[in-house]
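Data first, discussion second: the structure below is written as structure tokens.
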Amino acid sequence: MATRVRSLAALAVVMLVGAPHLVRADDAPSMMATGAAETIRLWEGEAPGSRGTADHDIPVVAWWPAAKQSSPSAALVICPGGGYGALADHEGSDYAKWLNAQGISAFVLRYRLGSKGYRHPVMLGDVSRALRLVRHGHERFHVDPKRVGVMGSSAGGHLALTACIHGAAGDPQATDAIDRESARPAIGILCYPVVSMLPEKTHAGSRKNLLGESPDEEVARTLSGELAAHENVPPLFIWHTWEDKAVKLEPILELGLKLKSHARPYELHVYETGPHGLGLGVRPYDPAKTLHPWTVECRRWLAAQGF
């Protein structure tokens, strides 16, 4: 695989991009979003580790199919942010609409949350099951099972990164056919992601909701991307802003160095301005309005990855 790396030789060489020039959404390919076609439970029965039967106890994906194409489309499982305590819709359905406009199918994941009493590894189990479900149903969804990736923002970016680091191969002996599929994403898109779970580096609310009040520090290290990234992490597109006050930039830069040490391809953009939770730069998604320039860079990168 050709290595396309916009990497950092040292933290000091990061280039901060000035006030971003927004780009028109209609500069993208003219494939309009079709809307969510269906909401699909990840497990037919009770999900593993379920604490009840309320909606928040039932992990699902909302399927946003790309416009029909002659060949199967690529697909992304989207993990909205919210500090592992909520789910931000503009980091879910809005991203799905934008991906549809690029000819990519999207599956917005409603994973279980720490605010509802869930802890790791439940969230990783939910995103892993979503990736497996998409691959298992690739004919029905008209997607290419080899081109299934993951995308996430903030804490959802942490979950997406966790899937990229800890996603497991399928179990060929599993009685559930879905579990025979791989949970390893082909690519990852991380938007202002929480990277570390170390107390001095993390977003405190995300760490508490994911790991509880007194987490095992070895588990926290395992879930810190700047420490745990390895030679099999898929290609990553990462972006953040210098101005973001909620999620620290330093662990993201350290993640870049860790990936480079393993010769893993990634692309990193740090924009000067923009608050946390920026999303597409406009809410709600509207193809007639302007979007943040990360969308242009990401569209180019997705094309380079064959997505």
Residue under evaluation P234, criteria (1) under 20 Å from A186 (Cα atoms); (2) out of contact with any helix residue (DSSP H, G or I) (no Cβ under 7 Å at 6 or more places or on another chain), criterion not met: (2)
Selection from region 149-192 of residues that are surrounded by fewer than 18 Cβ atoms within 10 Å (Cβ to Cβ) and of a type in the set (D, E, K, R): D171, D176, R180
Among residues of region 212-240, those that are without any contact (Cβ under 8 Å) to a residue 12 or more places away in the chain, assigned to a loop (DSSP other than H, G, I, E, B) and of a type in the set (D, E), counted: 2
Candidate set: region 127-183, residues that are touching a residue at least 40 places away in the same chain (Cβ under 8 Å), assigned to a strand (DSSP E or B) and over 29 Å from A86 (Cβ atoms); chosen: the one nearest to the chain's Cα centre (by Cα): R147
Which numbered condition G274 misses (of (1) within 24 Å of A96 (Cα to Cα); (2) at pLDDT 95 or above): (2)
Subset tally (residues that are at pLDDT 90 or above, hydroxyl-bearing (S, T, Y), loosely packed, with under 11 Cβ neighbours inside 10 Å and farther than 20 Å from V143 by Cβ) for region 26-80: 1
Criterion violated by W98 - all others in (1) within 22 Å of R184 (Cβ to Cβ); (2) assigned to a helix (DSSP H, G or I) satisfied: (1)
Contacts under 9 angstrom Cβ, first residue in region 252-265 being of a type in the set (G, A, S), partner part of a loop (DSSP other than H, G, I, E, B), 6 or more apart: G256/V5; G256/S7; G256/L8; G256/V14; S261/A229; A263/T3; A263/V5; A263/E231
Test result for K245, out of contact with any Phe, Trp or Tyr (no Cβ under 9 Å at 6 or more places or on another chain), without any contact (Cβ under 8 Å) to a residue 40 or more places away in the chain, among the basic types (K, R) and assigned to a loop (DSSP other than H, G, I, E, B): yes
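The values are calculated or read from the model by the stated rules, or taken from the named source; none is laboratory data. Predicted model, so just to flag it, every value in this text is computed and none were measured. FYI the Cβ positions are ideal-geometry reconstructions off the backbone, even for glycines, and counts take in every protein chain you see.
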